[in-house]
Amino acid sequence: MFKLLSRHGRRNGVVNLFCEKKIEVRKARVYYFYSSAGSVRFSSTGVDEVKIPTIADNIPEPPPVPDPSSFEQLAETVQSLSANGEPTFASLGLGGWGPVGIVQNCLEYLHVSLDVPWWGAILIGTVVVRVLMFPLVIMSQRNTAIMNNHLPEIQTLQMKMTQARQTGNQLETARYAQEMMLYMKEKGLNPLKNVLVPLAQAPLFISFFVGLRGMANCPVESMMHGGLWWFTDLTVPDQFFILPLITSTTMWITIELGVDGGRLDAQNMQLMRYFLRAIPVIMLPFTINFPGAILVYWCSTNFISLCQVGFLKMPRVREYFNIPKLIKHNAESLPIKKKGFVAGAKESWTNMKLSRDLADRQRIDEMIFTKAGKGPLQKTYKFDPTKIPKVEAKSK
């Protein structure tokens, strides 16, 4: 029976069962007594007096008012640190609004904001720059293909103009030069388009070179461990000389396959071919002392050039970008025969001497003509008809 009732119900049932009178059972009340803040407790001996600490005694003292000059120091400290806790380039004397400073600021943004390691930031920056330069490469490749297809006619006019210049016939030289200009205008040729890519890449390469060298020489501390594989420190040269060898090798392969999509074995690049082949060998002793950051950029741009050369040799790609198909000319049928390095150098030296002699002769003729027009008359005869001598008969 008691299990079916609650605790309070069981208690009332027991009281009603055994008690005649009704007894009211109430809950016990508990009273708590708190001593006041000023109460004093005496020990059993009645000698020592102990004071209980109050709440007010536990309140700490307010902190001192900071010095206003400390706010400026704190602001300078915050401004000199980037989001990842590294010193900003502005505090290191790097960056700015010049070409070199813009390159450094872009690399800092990739490293700090996107949390990209330094080797990845250099690689991404190189890819972005080469993608922006790709339209100029297409324009140069298209112009190079058109000039190669019209090479016999261009070489014929060049030979006539050279012969007229060597004989000193300025009228014929000017006439053939005018014919050359009209022919190129008719075919849509422009020799300056072939140098657009080198002229545009030169300032970008110099900006990256100077910017990365400044970052390595500063140095930026995070670049000391921002490399990859064996070149973890980008502020020092490669101790194994692997990066310089890769740089020279990739440049030589790029030159052999084609410079930015152009053909190195073209007939109009005879002397330039030997000069470009010598560049990787000449620059190797200098690149071994370059910091790793510069070599990472150089290797990256060389590998991109290799990919670009292979990409532009695909027939579908050339057709999509409206690049004409290259015509292979027979070397024997061309007006200007292909010559070796020594023969080409001798011919170039002979042409330079002839041009110098013609210029000297022209300058002397101009001096003589000017002197004859402004100077006194020179006597070129023995008898002066203006001076009639007196004729007197001799007396006998």
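The values are calculated or read from the model by the stated rules, or taken from the named source; none is laboratory data. These figures come from a predicted structure and were not determined experimentally. For neighbour counting, all protein chains shown are included, and Cβ atoms are generated from backbone atoms with ideal geometry for every residue, glycine included. Surface accessibility is based on the protein's heavy atoms, side chains included, excluding ligands, DNA and RNA. Shrake-Rupley method; radii C 1.70, N 1.55, O 1.52, S 1.80 Å.
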In the set 213, 175, the lone residue that is open to solvent by 40 Å² or more (accessible area, probe 1.4 Å), within 30 Å of residue 347 (Cα to Cα) and in a helix (DSSP H, G or I) is 175
Within the set of pairs 6 or more residues apart or between chains, which connect a residue that is over 17 Å from residue 136 (Cβ atoms) inside region 197-213 to a residue that is open to solvent by 40 Å² or more (accessible area, probe 1.4 Å) and part of a helix (DSSP H, G or I) with Cβ atoms less than 7 Å apart?
210/100; 211/100
Could you grab the pairs with beta carbons closer than 8 Å, sequence gap of 6+ or different chains, first residue in region 293-311 and more than 22 Å from residue 223 (Cα to Cα), second one open to solvent by less than 10 Å² (accessible area, probe 1.4 Å) and not in a helix (DSSP H, G or I)?
309/258
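Let's see how each residue does on (1) assigned to a helix (DSSP H, G or I); (2) modelled with pLDDT of 90 or more; (3) on the phi < 0 side of the Ramachandran plot:
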| position | (1), (2), (3) |
| --- | --- |
| 83 | no, no, yes |
| 92 | no, no, yes |
| 105 | yes, no, yes |
| 114 | no, no, yes |
| 125 | yes, yes, yes |
Going by the structure shown, is residue 180 touching a helix residue (DSSP H, G or I) at 6+ places or on another chain (Cβ under 6 Å) and open to solvent by 30 Å² or more (accessible area, probe 1.4 Å)?
no
Just one of the numbered conditions (1) within 30 Å of residue 330 (Cβ to Cβ); (2) open to solvent by less than 30 Å² (accessible area, probe 1.4 Å) is not true of residue 125; which one?
(1)
Return yes when residue 233 is crowded, with 17+ Cβ neighbours inside 10 Å and modelled with pLDDT under 85 and no when it is not.
no
Cross-chain or 6+ apart pairs with Cβ under 8 Å, region 97-116 first and β-branched (Val, Ile, Thr), then surrounded by fewer than 19 Cβ atoms within 10 Å (Cβ to Cβ) and part of a helix (DSSP H, G or I):
100/207; 100/210; 102/207; 103/207; 116/124
